[in-house]
Amino acid sequence: MNRILLLVLVLLMQACSEPEEVSKEVAPVVVQLSAARLTHLSNSYQFPATVSAVKSVDLKFEVSGRLIYESLTEGSQVKKGQVLAKIDPAPFQRKVDESRIRHEDAKRNLKRIKDVFEKNVASQRDYDDAKSQYSLTKIALAKAEQDLSYCTIRAPFDAVIGARYIENDSLIRVGDTLANLQDRSKLHFTFEVPERIMTANAGNRDVKATAHIIGQEDKVFDIHYVEHKTTPDPITQTYGATFALQGEATKLFYQGSRAIVNIKGNIAQAQALAIPLSALVGDRDSGFSVWRFDDTQSRINKVDVKVTDIQGNYALIAKGLNEGDKVVSAAVGQMREGLAVREYKASY
């Protein structure tokens, strides 16, 4: 009887010492997956642009007076050297005559003082004063002649009168704008280029560019590159670019017109892998990564990727993924290394 009790106690102790094995299986997390797909990089861009004359100047007199002549019909064409406006030259002509008389007197006086100075009759001071007076009157005469020349304004280049701001017989003051003169031998198309496009096309001048006025899509003209800014706008972070149009077509455009510029690269289109922008983890400073799906184990792993550009809702990947690789494209902040997942598939 005692032996039987002892055997029961031993069996009970062994049973208590054996750990209870519980098998718990964690269900895989359902995730949205997207495949990395090969895409052609877009090298065609469209920008809204503003038309302006290659050169635009405001005509202003550098002297004051009464306007006695103007040939400033708005919209008319003028030739280089053509007289456009005059102010009454009489007061300025009198100033020239007076200055010339004073200068002639100073010239004669200098000659007289020099002759007696060489004979040791005049002092050095008298001679120096005569030379100074001669120089001052010469300067005064030159200024008077210059002011007289300012009474007439001539066209500095072949141009079109854009706007007239004065009328004949007006009293003109220094700095008053008479008219706006536009050199339309060439027209400029200016527009803003986003930083990502400027960076992606740095140094590429091999492009074909065309332009048309908004609403006149059937009239397309070739334009060519002129210049671009290398410092971005501090607010919009865009770079100003300028293209130009030459020839008879310039007569079809007006300064201030709104246009559309289309630019297409002549270089063959490159290819890149594209994934949804929502799949990216990280930033440009710390670098980007994605959660790649391992279909052999139904788990995800974090891999570093190199992003070359952002186009719309997609990121272009140059390194880290292969075509067809699937990545988590939603709720990426809730993922962890080695997590068991199952692809979400919509039911229709």
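Coordinate-derived values only; no laboratory data. Nothing here was measured: the structure is a model prediction, and the numbers come from that model. When we count neighbours, we look across all protein chains shown, and the Cβ atoms used for this are built from the backbone with ideal geometry, even at glycine.
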Margin query: Taking 8 Å as the Cα distance limit and 6 or more residues as the minimum spacing, I'd like the relative contact order of the chain as a percentage.
Written below: 26
Margin query: Within a 10 angstrom radius of the beta carbon, how do D304, D206, D285 rank from fewest other beta carbons to most?
Written below: D285, D206, D304
Checklist line | Cα radius of gyration and Dmax for the chain (Å) | finding: 42.1, 165
Notebook entry, point to check: Given springs between every Cα pair under 10 Å in a Gaussian network model of the chain, which of K138, K119, K251 has the largest fluctuation?
Noted result: K119
Next item on the list: Kindly express, to the nearest 10 degrees and within the range 0 to 90, the angle between helix 2-17's C-alpha long axis and the longest C-alpha principal axis of the chain.
Entry: 10
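How large is the dipole of the stretch 157-315 about the Cα centre if only Lys and Arg carry +1 and Asp and Glu carry -1, each at its Cβ, rounded to the nearest 20 debye? Intermediate results must be reported in sequence, preceding the final value.
Numbers: 17 positive and 20 negative charges, 61 e Å.
Approximately 300 debye in magnitude.
Treating the beta-carbon of each Lys and Arg as +1 and of each Asp and Glu as -1, no other charges, what is the dipole magnitude of the chain about its Cα centre, to the nearest 20 debye?
Magnitude of the dipole: close to 1140 debye.
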Check: Going toward the positive end of the dipole of the chain, with +1 on Lys and Arg Cβ and -1 on Asp and Glu Cβ, which of Y127, T190, S71 do you reach last?
Finding: Y127
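Rounded to the nearest 0.05, what FRET efficiency is calculated for L38 and I235 with R0 set to 30 Å and r the Cβ-Cβ distance?
Numbers: r = 37 Å, r/R0 = 1.22.
That pair, L38 with I235, gives E of 0.25.
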Checklist line | Cα-based reach from K119 at 19 Å (exclusive), listing aspartates and glutamates while leaving out same-chain residues under 8 positions away | finding: D128, D129
Note to self: Need the list of lysines near K95 for cross-linking: C-alpha distance under 27 angstrom, and skip anything on the same chain fewer than eight residues off.
What the structure shows: K60, K86, K107, K111, K131, K138, K143
Checklist line | Residue-span extension gain [T177 to I139] - 0.36 nm each, minus C-alpha spacing | finding: 10.8 nm
Notebook entry, point to check: Using the Kirkwood formula over every pair of different C-alpha atoms, what hydrodynamic radius in Å results for the stretch 89-150?
Noted result: 12.3
